[in-house]
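Notes for the one structure printed next.
The values are calculated or read from the model by the stated rules, or taken from the named source; none is laboratory data. From a predicted model like this one, the values you see are computed outputs, not experimental measurements. We place every Cβ from the backbone using ideal geometry, glycine too, and count neighbours over all the protein chains shown. SASA here: full protein model, heavy atoms, side chains in, ligands and nucleic acids out. Shrake-Rupley method; radii C 1.70, N 1.55, O 1.52, S 1.80 Å.
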Amino acid sequence: MKIEIINKSFSYTAKTFCVFLISLFLIFAFQLQAQTSREYSIKAVFLYNFTQFIDWPATAFSNAESPFIIGILGDDPFHASLDEAVAGEKVKDHPITVQRYQDVKDITTCHILFINRKEEGKMKEILSALSGKNVLTVSDMADFAAIGGIVRFASEKNKIRLQINLPASKNAELNISSKLLQVADIVR
């Protein structure tokens, strides 16, 4: 009789403990997702703001009504936040649109391209395909600016810092405002 009571008690305690662990995990996962979501919402605003501090050559647009395209290569970490950040906005009369690409070969026209960090193994191919094009490449992967990307989002003490590769921006014929350069770390 005592063994049954102990067994039932243990079973109840084990179930309670499992429920507690699952609840803890869900809370942690929700907080992590909320933090990641907040981080990418901020990065989405940065992407939009780049349009105010960088000039693209006229040849980057096929005509005066062509859209200004912000692309995402690979999985989309922004979800709806990038679409919301640019909704109804324009860059010098060019309406902003957001495009999503799974492969660099799918890109025909793009002005800002955020490259998901999961694409790191393909960086040589991606940067080679975009070389000489008027595309502002942006990513949050480690050493992105050092390996030839133009702008890297670097997280430091829960803040987003910018690293800018000036030679890469010159190669893309993009003119970056001194105001933006003042708040960035320059990579040469």
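Just the protein heavy atoms count here, and of the accessible area of the stretch 54-126 at 1.4 Å, carbon and sulfur take up 48 percent.
Report, ordered by chain and residue number, the aspartates and glutamates lying within cross-link reach of residue 118, taken as a straight Cα distance under 15 Å and ignoring same-chain residues fewer than 8 apart. Those aspartates and glutamates meeting the cut-off are 75, 76, 103, 140, 143. Anisotropy class assigned to the stretch 49-188 is rounded, per the alpha carbon gyration tensor with a/c under the 1.5 cut-off. If you take all other residues with their beta carbon under 11 Å from the beta carbon of residue 58, and give Lys and Arg +1 and Asp and Glu -1, the sum is -1.
Extending 7 Å from the Cα toward the beta-carbon at both residue 90 and residue 129 defines two label points whose distance is 3.2 nm. With viscosity 1.567 mPa s and temperature 4 °C, the Kirkwood radius over alpha carbon pairs of the stretch 124-188 converts through Stokes-Einstein to a diffusion coefficient of 109 µm²/s. Mind checking which aspartates and glutamates have their Cα closer than 13 Å to the Cα of residue 92? Skip sequence neighbours fewer than 8 apart in that chain. In chain and number order, the partners are 55, 65. Per residue, the accessible area of the stretch 58-97 comes to 51 Å², computed with a 1.4 Å probe over protein heavy atoms only. In summary, the aspartates and glutamates within cross-link reach of residue 157, defined as a Cα separation below 13 angstrom excluding same-chain residues under 8 places away, comprise 39. Karplus-derived 3J(HN,Hα) values for the stretch 117-133, using 6.51 cos²θ - 1.76 cosθ + 1.60 with θ = phi - 60°, are 4, 5, 8, 3, x, 10, 4, 4, 5, 5, 5, 5, 5, 9, 4, x, 9 Hz; glycine and proline are entered as x. In terms of its C-alpha gyration tensor, the stretch 65-108 has an oblate overall shape, because the principal axis ratio a/c (a ≥ b ≥ c, square roots of the eigenvalues) is not below 1.5 and a/b does not outweigh b/c.
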